[in-house]
Amino acid sequence: MRFVTKGRFSFRGGVHPPEKKELTRDSEIQPGPAVKQVAIMLSQHIGAVCESLVNKGDSVKAGQKIGDSDAFVSAPVHSSVNGKVKQIALQSHAVLGRSMAVIIDAEGDDNPASQPSHTEFTDSFDIDSYSSAQICTAVRDAGIVGMGGAGFPTRVKIEPNPRMPKETLIIDACECEPYITCDYRIMLEWTKQIIAGTRLARKASGCSQVFIGIEDNKPNAIEMISRTLEDCGDGDRIKLAPVKTKYPQGGERQLIKAILRKNVPAGGIPPMIGVVVLNVATAAAIAEAVVSGTPLTHRVVTVTGEAISKPGNYYAAIGTTVEDLIEFCGGVTESCAKVVLGGPMMGIAIADLKTPITKTCGAITVLTKRQIGRAKYEGRQTPCIRCGRCLEICPENLNPTKIAHAVKHNLLDVALAYYINACMECGCCSYVCPANIEVTGYIKTGKIFLARQKKKMPE
Amino acid sequence: MLKDIAVSNSPHISKPLSTRAVMVDVVIGLVPAMAAAGYYFRVRALILPAACVISSLAAEWLCNLIRKKPGSLGDFSAVVTGIILALSLPPALPVWTAVIGSAFSIAIGKMVFGGLGANIFNPAMVGRTFLTASFGMLMTTWMVPATIPAALSEICPENNVEARTQATPLAWSKQAIKDENGALIYNEQQFRATLTGEVGGCLGETSVIALLIGGLYLLLRRTINFHIPLAVLLSAFVFAAVFYLVDSDAYMQPFFHLSSGGMLLCAFFIATDPVTAPLTRRGMWLFGIGVGAITMLIRIVGGYPEGVMYSVLLMNAVTPLIDRLCRRIPAGGKPS
Ligand code: SF4
Ligand code: SF4
């Protein structure tokens, strides 16, 4: 039986925000804008920041490596266009505030972002012609990082590590964030490529079993993938695991819990229990990198939200600014109140529309005041009534209100005693709070304080 | 374009739910009890809640004014406190007493702690305790439901239907412990009377059916969790059953204790007040068990016929301790 969970299993807690996927669910992946200028961030991942390999005035080719680092946990970055380096300068970065970027003026007219062709993953694809080491090297050279949001260098994840042997590979195809449909479209349109990528990742990591976890609100994708699996030789080892539709089902800890019924230790990572979790888009990128040697220079981005005139899914060059993408989609309507990189639950609201998209950015969500909610938009927070809703839905089984109030009163030791570091920042607690308290916000602030405190302390 | 885009922490959407909506839900849950009170105690069931609500709101408004804080009447919590207090008062209580009681509830029970969310004790129970301590006589003068015809004076010996006063079933049970005639007093007819509410007692506490409907509504709406009500009722049942099994002459049946006095109002509406109850599930169980057991201890062993308000206040006092003891363990276990 290929279906292992039948959508019954899940994790404890979680919320059901309005899905809003219908805005872009049926829009096929279109070529993104042909940009005049891109800004390639030198840090698009967790780990060491890359050093620029080019200088001002250099000519670069699309796919040319322009930044790299010697550190183990890092990934190189590549130019997504043909052109000339204009400068290397600070640029607004969604996560880091400001960070160095290589700014490239596009030249020539072969720059529109066209999608890869998919025939090579079907007819001539032969898994046996790649060795594990070959795959790892190709993944590293292509600069692949987790494309679901965190951006952990993929090579580090899939490379066999004798200290933590890997047994299970899980492909995260949940896409539990509201609004976003980029992974869904990839599943429908690039199915073979995903399967090829999954098989390559399995081979590289030496995992014995593979699950593809999909939320059960995507029956078309489930159907499509299960059909493709049947046609492919390695299909027996890859099992489809439909899981319950619930946010944050796509969080790796929650997905592992749902499929394997195992808990990742608090503050730990999946390899500790022999599991590797890769996003579907990452799997697709692996296939592309290994089979055709293409570096990760483009990705599918969902541009969506009630305030976008023409929402859709676009295959966009990394380094395209948010502004270019929004304009390409017909601009925003009057009611636009917030521009979010990512989805509304975990995405990051940006103030500077010149912020370029990175490898980890799957969506631009432009929200209206109505969607945000009036009280939230105005930041009206009332006292906590200790209703316990945040405790009930916390997928990590924490006591969010206690932690948040400890941070508010600067009692970091209390916050630690209530396991602040086990919080995955999913945002569920802020979402349900009737008093509209920014519970997650306080917790994030507390983590930053703690990190600072640690730095200052002598060894 | 785009001059005024906002930046803030994620998440960027929130569930359309407010503190006011939660409070309004509680008020809706109390409607059946208020309706039953209206049926049995007629105009008193209108005057007392109205007086309590108005006085609560006025007290809250005044406190905010003095503390120079923004108004908080909009969260409706004062309305809930007023109604709950009114429903736990004897129907014959003079209006001025009720007004004092609810003003005390809000001012001393809630606002001195810093307003909603900061109070340790259930405000309505604070007010009721104050009234019991100050106006003991008035707080134990009961009224016969208007539906009982004067001819039915044989319901219980000391009933004086002429004067339209009646002892509550809990008072009989207290007497029965001395006289060892529990089985005599509590018969099927009495049981039916408590179901509908056709007995003496506090305004909103007499009708079991009305309270159950309201409680069920709150449970279905998920405004309250089942843990506290279940724990309260179970522990009271077990406590009463033990005594009943030991001496069924002196002690009433466990069901008697569940259906009379403030037990149900407490289980569904008072002990479940989120502000003054523990946050964690295990804590809720402990809290509920404590409330049920202490109530029964007072009823059976202690000096008063009813113990709900003291047991709630006592357990409120240990809620911070319970919360500290019953911490949640992260899903991934304690980090090493
Ligand atoms: S959901 Fe909000 S009001 Fe309820 S306990 Fe948590 S922080 Fe307090
Ligand atoms: S405390 Fe952290 S993990 Fe729990 S609901 Fe809030 S954000 Fe999510």
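Summary table
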item	result
Phi-based couplings in Hz for segment A:265-277 (Karplus 6.51, -1.76, 1.60; Gly and Pro marked x)	x, 4, x, x, 10, x, x, 4, 10, x, 10, 10, 10
Loop-resident sites, segment A:350-445, for GluC sites (Glu not before Pro), counting at most 15 other Cβ within 10 Å (DSSP)	A:Glu378
Across A:Lys246/A:Lys402; A:Lys157/A:Lys239; A:Lys21/A:Lys239; A:Lys244/A:Lys455; A:Lys218/A:Lys257, pairs whose alpha-carbon gap is larger than 30 Å	A:Lys244/A:Lys455
GNM result for chain B, Cα springs below 10 Å: residue of B:Cys266, B:Cys202, B:Cys63 fluctuating most strongly	B:Cys63
Residues with amide H under 5 Å from that of A:Ile364, placed H, sequence gap 5 or more	A:Thr302, A:Val303, A:Thr304, A:Gly342
Of B:Val199, B:Val232, B:Val246, the one that fluctuates the most in a GNM where chain B has Cα springs shorter than 10 Å	B:Val246
Relative contact order for segment A:232-352, counting Cα pairs under 8 Å that sit 6 or more residues apart, in percent	12 percent
Within segment B:165-325: Cβ-based charge dipole about Cα centre, in debye rounded to nearest 20 (Lys, Arg +1; Asp, Glu -1)	600 debye
FRET efficiency, 1/(1 + (r/R0)^6) with R0 56 Å, evaluated for A:Arg380 and B:Thr147 via beta carbons	0.75
Table column - 3J(HN,Hα) (Hz), segment A:239-255, Karplus curve with 6.51, -1.76, 1.60, x for Gly and Pro	10, 8, 10, x, 10, 4, 7, 6, 8, x, 4, x, x, 4, 5, 5, 5
Residue-averaged [θ]222 nm for chain A, counting only DSSP H segments that reach four residues, each worth -39500 (n - 2.57)	-8000 deg cm²/dmol
5 angstrom amide H check on A:Gln30, placed H, neighbours 5+ away	A:Asn313, A:Tyr314, A:Tyr315
Computed E for A:Ile127/A:Lys310 - FRET, C-beta separation, R0 30 angstrom, nearest 0.05	0.15
Net dipole in debye of the protein assembly as shown [+1 Lys, Arg Cβ; -1 Asp, Glu Cβ; about Cα centre; nearest 20]	1480 debye
Unit charges on C-beta of K, R, D, E only; dipole of segment A:381-453, Debye	140 debye
Share antiparallel - DSSP beta bridges, chain A, percent rounded to 5	60 percent
Interchain or long-range residues, amide H under 5 Å from A:Thr294's placed H	A:Ala289
Rounded if a/c under 1.5, otherwise prolate or oblate - segment A:333-459, Cα gyration tensor axes	oblate
Separation of alpha-carbon centers, segment A:119-198 and segment A:201-276, rounded to whole Å	12 Å
Distance (nanometres) between label positions extended 7 Å along Cα→Cβ at A:Arg261 and A:Lys84	6.5 nm
Under the span-like rule (Cα at least 30 Å along the axis, Kyte-Doolittle mean at least 1.0), DSSP H helices of chain B	B:19-41, B:44-67
DSSP loop GluC sites (Glu not before Pro) with at most 15 other Cβ within 10 Å: longest gap in chain B	B:1-157
Selection from B:Leu73, B:Cys266, B:Leu245, by position along the positive dipole direction of chain B (Cβ)	B:Leu73
Spin-label model distance (nm) - A:Gln209 vs B:Val7, 7 Å beyond Cα toward Cβ	4.6 nm
Gyration tensor verdict on segment B:19-140 (Cα atoms; rounded if a/c is under 1.5, prolate if a/b is larger than b/c, oblate otherwise)	oblate
Rounded if a/c under 1.5, otherwise prolate or oblate - chain A, Cα gyration tensor axes	rounded
Beta bridges per DSSP with both ends in the protein assembly as shown, % antiparallel, nearest 5	65 percent
Most positive-pole-ward Cα, B:Pro49, B:Ile83, B:Val99, against dipole of segment B:19-140 from beta carbon charges	B:Val99
Residue order, fewest to most surrounding Cβ atoms within 10 angstrom, among A:Glu323, A:Glu288	A:Glu323, A:Glu288
For chain A, with +1 on Lys and Arg beta carbons and -1 on Asp and Glu, the positive-most of A:Ile256, A:Ser430, A:Pro271 along the dipole	A:Ser430
Value of [θ]222 nm, deg cm²/dmol, for chain B, DSSP H segments ≥ 4, -39500 (n - 2.57) each, nearest 500	-18000 deg cm²/dmol
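Values in this text are rule-based calculations from the coordinates and carry no lab data. These numbers were taken from a predicted model, which means no experiment stands behind them. Neighbour counts run over all protein chains shown; Cβ positions are idealised from the backbone, glycine included.
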